[in-house]
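Structure first, then comments.
The values are calculated or read from the model by the stated rules, or taken from the named source; none is laboratory data. Note that the structure is a prediction, hence the values are computed from the model and not measured. All Cβ positions, glycine included, derive from the backbone under ideal geometry; neighbour counts span all protein chains shown.
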Amino acid sequence: MKLLDGKKVAGALDEKMTLRVEDLKKKGITPSIAVILVGDSGASSVYVRNKRRRAEKLGMDFQLIHYKDDVSENELLAKIDELNNDKTVDGFIVQLPLPKSINEERVIQAIDSKKDVDGFAPDNVGNLWIGEPHTKPATAAGILMMLDYYDVDLDGKNVVIIGRSNIVGKPVAAMMLARNATVTIAHSHTKNLKELAKTADILVVAIGQAKFVTKDYVKDGAVVVDVGMDRDENDKLCGDVDFADVENTASMMTPVPGGVGPMTITALMDQVLELAEARAN
Ligand code: GUN
């Protein structure tokens with residue numbers, strides 16, 4: 001089994017991105033991303049810290065706007081309006097999930113789709129499905145970047161995605177369909193999930209349940225992409241795939257941590273760079 005080493009690939013791609021940042025700076029432009037974080041929930045704080053580290057490593061501007069859990073929706077919307085109109089910010093994201101008191105949909109829809117580097121705004125989602133994306137959701141884009149790096153061909157392949165979220169499952173489906181894969185999205189109501197998953201040449205798992213996928217779900221020689229970030233019975237970080245159980249069945253698979261996570265950040269920074277390059281031209 002070959003490890004799909006997201007940390008290594010991200011490192012290799014970072015070198016190219018650093019050069020793009022230097023080119024922009026010569027033209028007087030510093031690529032800039034802002035992140036709105038509400039509250040201090042464990043996973044979100046870690047994700048945001050990792051995004052800051054990477055942006056700073058690449059030489060980009062990173063601005064964190066951190067609110068307490070009890071921030072009002074109006075205050076958030078006012079900040080979004082300000083960022084929409086701030087010409088020095090190329091793109092920004094609102095880290096999800098938001099507290100239940102806030103209408104997530106309304107917040108996402110307030111982001112100017114031109115600056116929506118998450119690709120979550122409705123017109124960006126629509127453009128992605130049409131095949132003419134302006135911005136692409138980072139996790140999905142990062143998965144494709146990694147498969148490309150390892151020369152995993154998608155054309156004509158059977159892809160099964162377990163999980164139908166707007167953040168991962170649906171955009172991965174759109175992007176793989178655009179690359180001529182035959183795509184099935186499975187979810188909690190899917191019948192005979194094991195049998196279906198076993199038809200996959202490429203299995204993408206994004207359900208948020210520790211070690212859910214065992215070798216009974218995996219065809220011999222399949223490529224397995226694990227988007228999970230869970231805790232096992234000993235509180236150790238693990239994915240949605242039971243790595244030890246599957247590693248002798250898959251031909252390639254991602255570890256957790258160090259697989260999809262670093263690639264998500266690479267894809268986000270690439271997206272910000274694209275917008276900054278458009279600003280320069
Ligand atoms: N929470 C988990 N993944 C993501 C992501 O890609 N973007 C945002 N904004 N929040 C997330």
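Observations
- Test: Leu196 is assigned to a strand (DSSP E or B) and either out of contact with any Cys (no Cβ under 9 Å at 6 or more places or on another chain) or assigned by TED's automatic domain parsing to the domain that holds Ala250 (or both): no
- Subset of the stretch 78-98 [surrounded by fewer than 15 Cβ atoms within 10 Å (Cβ to Cβ) and within 16 Å of the ligand (Cβ to nearest atom)]: Pro97
- Output for the stretch 49-68, where each listed residue is away from the ligand (no atom under 16 Å from the Cβ) and of a type outside the set (Lys, Arg): Glu56, Leu58, Gly59, Met60, Asp61
- Residues being touching a helix residue (DSSP H, G or I) at 6+ places or on another chain (Cβ under 8 Å), part of a loop (DSSP other than H, G, I, E, B) and more than 26 Å from Glu105 (Cα to Cα) - total across the stretch 157-189: 1
- For the criterion of being farther than 20 Å from Ser45 by Cβ and among the acidic types (Asp, Glu), Asp235 fails.
- Residues in the stretch 169-181 that are touching a strand residue (DSSP E or B) at 6+ places or on another chain (Cβ under 8 Å) and either at pLDDT below 95 or crowded, with 17+ Cβ neighbours inside 10 Å (or both): Gly169, Lys170, Val172, Ala173, Met176, Ala181.
- Flag for Lys25 being over 20 Å from Lys87 (Cα atoms) and part of a helix (DSSP H, G or I): no
- You will find that of Ile143, Ile207, the residue that is among the β-branched types (Val, Ile, Thr), buried (at least 16 other Cβ atoms within 10 Å of the Cβ) and either more than 16 Å from the ligand (Cβ to nearest atom) or not in a helix (DSSP H, G or I) (or both) is Ile207 and no other.
- Within the stretch 65-96, the set of residues being under 25 Å from Gly42 (Cβ atoms) and in contact with a Ser or Thr (Cβ under 6 Å, 6 or more places away or on another chain) comprises Gln95 only.
- Put simply, of Asp14, Asp61, Asp5 the only residue that is surrounded by 16 or more Cβ atoms within 10 Å (Cβ to Cβ), out of contact with any His (no Cβ under 6 Å at 6 or more places or on another chain) and within 30 Å of Thr249 (Cα to Cα) is Asp5.
- Residue in the stretch 182-204 that is within 20 Å of Leu268 (Cα to Cα) and at pLDDT 95 or above present: yes
- Filtered residues of the stretch 258-281 (kept if surrounded by fewer than 18 Cβ atoms within 10 Å (Cβ to Cβ) and farther than 18 Å from Asp118 by Cβ): Gly258, Glu277, Arg279, Ala280, Asn281
- Residue count for the stretch 239-257, restricted to those that are surrounded by fewer than 17 Cβ atoms within 10 Å (Cβ to Cβ) and either in contact (Cβ under 8 Å) with a residue 40 or more places away in the chain or in a loop (DSSP other than H, G, I, E, B) (or both): 4.
- Looking across the stretch 31-48, just one residue is loosely packed, with under 14 Cβ neighbours inside 10 Å and in contact with a strand residue (DSSP E or B) (Cβ under 9 Å, 6 or more places away or on another chain), and that is Asp40.
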